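Just so it is clear, none of the values below were taken in a lab; they were calculated from the coordinates. Here the structure is a predicted model, which is why all the values come from computation and not from measurement. Heads up, the Cβs are rebuilt from the backbone with ideal geometry, glycines too, and the neighbour counts pull from every protein chain shown.
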Ligand code: GLA
């Protein structure tokens with residue numbers, strides 16, 4: 001056994017020992033699925049736009065073993081007890097617990113003609129739930145890859161991402177776009193996933209800004225995407241697309257729009273989406289030429305647009321972004337993910353991480369009486385089956 005375990009190895013070990021404790025025998029394999037941070041391109045995936053997420057060094061690990069009796073048993077180290085159901089009852093939709101994500105993926109796989117077996121699964125995760133870092137997409141992806149590895153067959157990663165997205169729609173009630181599931185499944189180490197959500201094709205974009213890192217600051221305000229605000233924004237965008245007779249807002253440029261025909265909500269939504277698409281393309285260009293200052297400015301503008309036009313930020317995220325943006329060595333900072341809480345992401349020079357983090361913590365503590373958790377990440381690889389399981393188990 002290695003003397004010093006990496007974060008992911010330590011989690012793997014917790015998953016394997018947790019599995020044995022819960023079920024009384026060892027797991028057969030494990031899947032490691034990362035969370036994601038979106039660098040820019042927010043609330044545009046369901047508008048056919050361009051997004052730029054990275055997989056992060058926070059993981060969900062699912063250890064599994066097949067069963068011969070057609071029963072599914074799910075356990076985790078964050079909740080007591082087991083969820084247990086036969087394959088014949090997997091489609092039930094009344095659960096409010098995390099088994100609904102697993103069920104959604106199982107139903108999708110079976111519907112696509114993949115044969116399923118019963119299984120035991122034990123889950124551990126370091127992706128904060130409600131942190132806007134795609135803990136649910138990681139669970140969906142892990143479930144999909146685990147079931148495929150247990151014998152269901154092979155599936156293209158983007159196809160699996162779409163299946164997981166449908167699980168989120170039907171089993172969690174969130175009409176999300178494709179970004180989170182695609183990021184968790186398709187990201188490559190040291191790259192951002194430049195995904196065109198209209199053609200559903202992507203380019204792996206190198207993240208090689210020497211000396212610069214991604215700092216993630218979690219506001220600790222649990223976001224609730226299913227609460228209806230997310231769906232409301234999506235519906236408003238779709239209504240505007242109809243007015244302009246386009247398939248999605250991605251087809252519009254700023255100059256195409258006669259804002260006078262729109263009500264306030266529609267005007268703000270369309271302005272955010274159209275300008276965010278322009279900003280995302282701008283960040284890709286800036287990163288390609290190493291222009292950190294421009295990339296950072298666009299991140300700041302993205303935050304302002306999400307706060308003022310799309311209105312999906314919250315005071316805690318605004319405080320984090322504004323404080324970070326003022327710090328020496330911070331190129332830019334914005335909220336990331338669906339919003340209404342969750343996390344912010346900052347592009348920070350490595351030498352400034354300590355001082356920037358301390359300044360954000362101090363400003364936040366002065367206002368809210370607590371310190372937001374934060375961590376630095378580099379872009380890591382998407383979900384993998386059995387990354388270091390055998391090594392640790394031996
Ligand atoms: C959530 C959704 C994504 C995306 C983001 C906002 O994370 O799951 O599909 O819409 O919000 O960019």
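Here is how the numbers come out for the structure above:
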quantity: Subset of the range 51-102 [in a helix (DSSP H, G or I) and in contact with a strand residue (DSSP E or B) (Cβ under 8 Å, 6 or more places away or on another chain)]; calculated: 87, 99, 102
quantity: Number of positions in the range 147-161 that are closer than 10 Å to residue 181 by Cα and in contact with a strand residue (DSSP E or B) (Cβ under 9 Å, 6 or more places away or on another chain); calculated: 1
quantity: Single match in 118, 177, 131 (criterion: farther than 23 Å from residue 48 by Cα and within 14 Å of the ligand (Cβ to nearest atom)); calculated: 131
quantity: Residue within the range 16-23 that is crowded, with 19+ Cβ neighbours inside 10 Å, within 23 Å of the chain's Cα centre (by Cα) and within 24 Å of residue 130 (Cα to Cα) present; calculated: no
quantity: Residues located in the range 302-342, provided they are in a helix (DSSP H, G or I), surrounded by fewer than 24 Cβ atoms within 10 Å (Cβ to Cβ) and touching a residue at least 60 places away in the same chain (Cβ under 8 Å); calculated: 306, 316
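Per-residue answers, yes or no, for (1) under 28 Å from residue 130 (Cβ atoms); (2) assigned to a loop (DSSP other than H, G, I, E, B); (3) within 16 Å of the ligand (Cβ to nearest atom):
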site	(1), (2), (3)
208	no, yes, no
220	yes, yes, no
230	yes, no, yes
234	yes, no, yes
239	no, no, no
266	no, no, no
273	yes, no, yes
